[in-house]
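K.L.:
Handing you a structure now.
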Amino acid sequence: MVGITEQTAILAKYLDLDQRGKVLAEYVWIDAEGNTRSKCRTLAKKPTAVEDLPEWNFDGSSTGQAPGHDSDVYLRPVAFYQDPFRKGDNVIVLTECWNNDGTPNKFNHRHECAKLMAAHSDEVVWFGLEQEYTLFDQYDNVYAWPQGGFPAPQGPYYCGVGTGKVYARDVIEAHYRACLYAGVAISGINAEVMPSQWEFQVGPCEGIAMGDELWMARYLLQRVAEEFAVKISFHPKPLKGDWNGAGCHTNVSTKNMREAGGMKYIEDALSKLAKRHKEHLALYGADNDMRLTGRHETASMDAFSSGVANRGASVRIPRSVAKEGFGYFEDRRPASNIDPYLVTGIMVETICGAIPD
Ligand code: ADP
Ligand code: MN
Ligand code: MN
Ligand code: MN
Ligand code: MN
């Protein structure tokens, strides 16, 4: 057996080899379970625009995205990022999945979202997503929790500092740097209420870019965690009992909301959201009912509610926004496992459209 240090040294020798002008493009897509998958190809030269990236395909029968008799699913590039793992001119390519008959693949929610964003581009909608997630070790124990037991109750862990109060800072730091290098609009990180639960924020991003950047940030997180032998869970209630669930708070503003007098537009949006509470919840993540209990800083699923600085409401208006009279609002309902294309899509449809009474 070759030891891990030795193995790293051997690999380094190969990573140093000249690529002779060729560029590696890692194509990423979203599979049937809401996980990312990827495969790599060689390009003759460095892409400078998304149009330089060829369409590609994969075997959809191996991912539950197509039947065996018609298994090709096409990968259409929509955005690309600098590759923080291979570095150099190498890129990571985000793609949409398309079927052989020219229709979007069942799990391609980006296509509809992009149409909604284009239809309402005059409102210049910005989003900021707060992605919460939980770390597990390779044996499926919550990362760094005592063997067969539990850590002390919640309290010291949120933004915790010091041994026993915060875990896996190295994984989180590595991911932060990887996002910055890639060009993902990551705007912050913090340790969460449950030990080994963390959050990163992406945004503000305009329109369709929000879903793209969040998916790329998730992909980078999985890749970084792989190197540390850590598993990432996006489940909204990874542990039953008195442990916080995980959400994906969705911060939203339109151009009107961001300008003086914007509060009127925020209130308008909230009354529209109240009318479509159930339709929104249907797209706000599987198993979200395990999380939206009215406890652990959530509102109950039963009714829509909103309030200034209220973290127990469906939607919170930040105190600073209420004070200034303009800004944005925070929809606290979406779960950590949402497809951001579904959530940002229905958000724009609801707040920018006319809702019948
Ligand atoms: P919280 O206090 O809820 O934990 P965070 O600081 O974690 O808030 O996240 C706030 C998010 O709001 C960030 O992702 C940020 O990009 C986003 N945001 C800030 N201003 C706006 C805006 N005008 N429109 C949309 N999103 C915004
Ligand atoms: Mn093959
Ligand atoms: Mn936050
Ligand atoms: Mn949080
Ligand atoms: Mn929040």
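K.L.:
Stretched out fully, how many nm does the piece from F228 to A286 gain, at 0.36 nm a residue minus the Cα gap? Kindly include the intermediate steps, with their values, before the conclusion.
P.N.:
On the way: separation 58, 0.36 × 58 = 20.88 nm, distance 2.77 nm.
Length gained, F228 through A286: 18.1 nm.
K.L.:
Under the classification rounded if a/c is under 1.5, otherwise prolate if a/b is larger than b/c and oblate if not, where does the chain fall, given a ≥ b ≥ c as square roots of the Cα gyration tensor eigenvalues? Before the final figure, lay out the partial values.
P.N.:
Details: a/c = 1.75, a/b = 1.21, b/c = 1.44.
Judged from the Cα gyration tensor, the chain comes out oblate (a/c at least 1.5, b/c at or above a/b).
K.L.:
Of all trypsin sites (Lys or Arg not before Pro) in the range 9-74, which ones are in loop regions per DSSP and have a Cβ with at most 15 other Cβ atoms within 10 Å?
P.N.:
Numbers: sites: K13, R20, K22, R37, K39, R41, K45; in loops: R20, K22, K45.
The qualifying sites are R20, K22, K45.
K.L.:
Determine the dipole magnitude for the chain: charges of +1 sit on the beta-carbon of Lys and Arg, -1 on that of Asp and Glu, nothing else is charged, the reference point is the Cα centre, and the result goes in debye to the nearest 20.
P.N.:
Details: 37 positive and 47 negative charges, 121 e Å.
Dipole of the chain, to the nearest 20 debye: 580 debye.
K.L.:
Expected output is a single nm value to one decimal: the length gained when fully extending between E173 and R319, i.e. 0.36 nm times separation in residues minus the C-alpha distance. What is it? Spell out each step's value before the answer.
P.N.:
On the way: separation 146, 0.36 × 146 = 52.56 nm, distance 2.95 nm.
Net length gain for the segment: 49.6 nm.
K.L.:
Hey, quick one: spin label on A32, modelled 7 Å out along Cα-Cβ, who in the range 49-66 has an amide N within reach, i.e. under 19 Å?
P.N.:
57-66
K.L.:
A follow-up question, please. Which of rounded, prolate or oblate describes the range 103-181 when judged by the alpha-carbon gyration tensor and an a/c cut-off of 1.5? Write out the running numbers ahead of the final one.
P.N.:
On the way: a/c = 2.86, a/b = 2.16, b/c = 1.32.
Taking the square roots of the gyration eigenvalues as a ≥ b ≥ c, the range 103-181 is prolate.
K.L.:
Then there's this: How long is the gain from A144 to T8 if the chain were fully straight, where each residue apart is worth 0.36 nm and the alpha carbon distance is subtracted?
P.N.:
Difference between extended and current length: 46.5 nm.
K.L.:
In deg cm²/dmol and to the nearest 500, what is the mean residue ellipticity at 222 nm of the chain if only DSSP H runs of at least 4 residues count, each as -39500 (n - 2.57), divided by the residue total?
P.N.:
Numbers: 8 runs with 92 residues, N = 357.
Mean residue ellipticity at 222 nm (helix-derived): -8000 deg cm²/dmol.
K.L.:
Cut-off is 10 Å between beta-carbons; in what order do M210, M301, M290, M216 appear when sorted fewest neighbours first?
P.N.:
Taking fewest neighbouring Cβ atoms as first place, the list is M290, M301, M216, M210.
K.L.:
Which Cα, out of W56, W243, N337, lies furthest along the positive dipole direction of the chain (beta carbon charges, K/R +1, D/E -1)?
P.N.:
W243
K.L.:
Still on this structure, I have one more. Count charges around E199 for me, please; just the other residues with Cβ under 12 Å from its Cβ, Lys/Arg as +1, Asp/Glu as -1. Please list the in-between numbers first.
P.N.:
On the way: positive: none; negative: E130, E132, E192.
For residues surrounding E199, the net value is -3.
K.L.:
List, in the order given, every pair from K165/K231; K240/K264; K106/K240; K240/K275; K255/K278; K13/K165 whose Cα-Cα distance in the structure shown is over 29 Å.
P.N.:
Values: K165/K231 20 Å; K240/K264 40 Å; K106/K240 31 Å; K240/K275 31 Å; K255/K278 26 Å; K13/K165 38 Å.
The pairs that break the limit, which is 29 Å between Cα atoms, are K240/K264; K106/K240; K240/K275; K13/K165.
K.L.:
Follow-up question, since we're still on this one. Taking the beta-carbon count within 10 Å as an exposure proxy, list R311, R218 from fewest neighbours to most. All intermediate terms of the calculation are to be shown ahead of the outcome.
P.N.:
Values: R311 12, R218 24.
Fewest-to-most Cβ neighbours within 10 Å comes out as R311, R218.
K.L.:
With the dipole of the range 113-209 worked out from charges on the C-beta (+1 for Lys and Arg, -1 for Asp and Glu) around the Cα centre, which of P156, A209, L129 lies farthest toward the positive end?
P.N.:
Highest projection toward the positive end goes to P156.
K.L.:
Cα centroid distance between the range 247-294 and the range 210-228, in Å?
P.N.:
Their Cα centres are 25 Å away from one another.
K.L.:
Shape verdict for the range 231-357, please, from the Cα gyration tensor: rounded (a/c under 1.5), prolate (a/b greater than b/c) or oblate.
P.N.:
Prolate, since a/c reaches 1.5 and a/b exceeds b/c.
K.L.:
Then there's this: Sort I30, I189 so the one with the fewest other Cβ atoms within 10 Å of its own Cβ comes first. Spell out each step's value before the answer.
P.N.:
On the way: I30 26, I189 16.
Listing I30, I189 from fewest to most nearby Cβ atoms yields I189, I30.
K.L.:
Can I ask one more? Are there trypsin sites (Lys or Arg not before Pro) in the range 143-181 that DSSP marks as loop and that have at most 16 other Cβ atoms within 10 Å, and which are they? Could the numbers behind the result be given before it?
P.N.:
Numbers: sites: K165, R169, R177; in loops: K165.
Sparse-neighbourhood loop trypsin sites (Lys or Arg not before Pro): K165.
K.L.:
Below 8 Å, C-alpha to C-alpha, sequence gap of six or more: please give me the relative contact order for the range 238-325 in percent.
P.N.:
Details: 77 pairs, mean separation 17.6, N = 88.
Relative contact order here is 20 percent.
K.L.:
Cα centroid distance between the range 68-128 and the range 179-193, in Å?
P.N.:
Going from one Cα centre to the other spans 21 Å.
K.L.:
Label points 7 Å out from Cα along the Cβ direction at T48 and T163: separation in nm?
P.N.:
That separation, rounded to one decimal, is 5.4 nm.
K.L.:
Quick one: dipole size for the range 254-297, taken about the Cα centre, charges +1 on Lys/Arg Cβ and -1 on Asp/Glu Cβ, in debye to the nearest 20. Numbers along the way, then the final one.
P.N.:
Working: 9 positive and 7 negative charges, 28 e Å.
Computed about the Cα centre, the dipole is about 140 debye.
K.L.:
Cβ under 10 Å from W215's Cβ, W215 left aside: what net charge do those residues give with Lys, Arg +1 and Asp, Glu -1? Don't skip to the answer; put the middle values down first.
P.N.:
Working: positive: R110, R218; negative: D212, E213, D339.
The answer is -1.
Bear in mind that the values in this text are calculations on the coordinates, not laboratory data. These numbers come from a predicted model, not from an experiment. For neighbour counting, all protein chains shown are included, and Cβ atoms are generated from backbone atoms with ideal geometry for every residue, glycine included.
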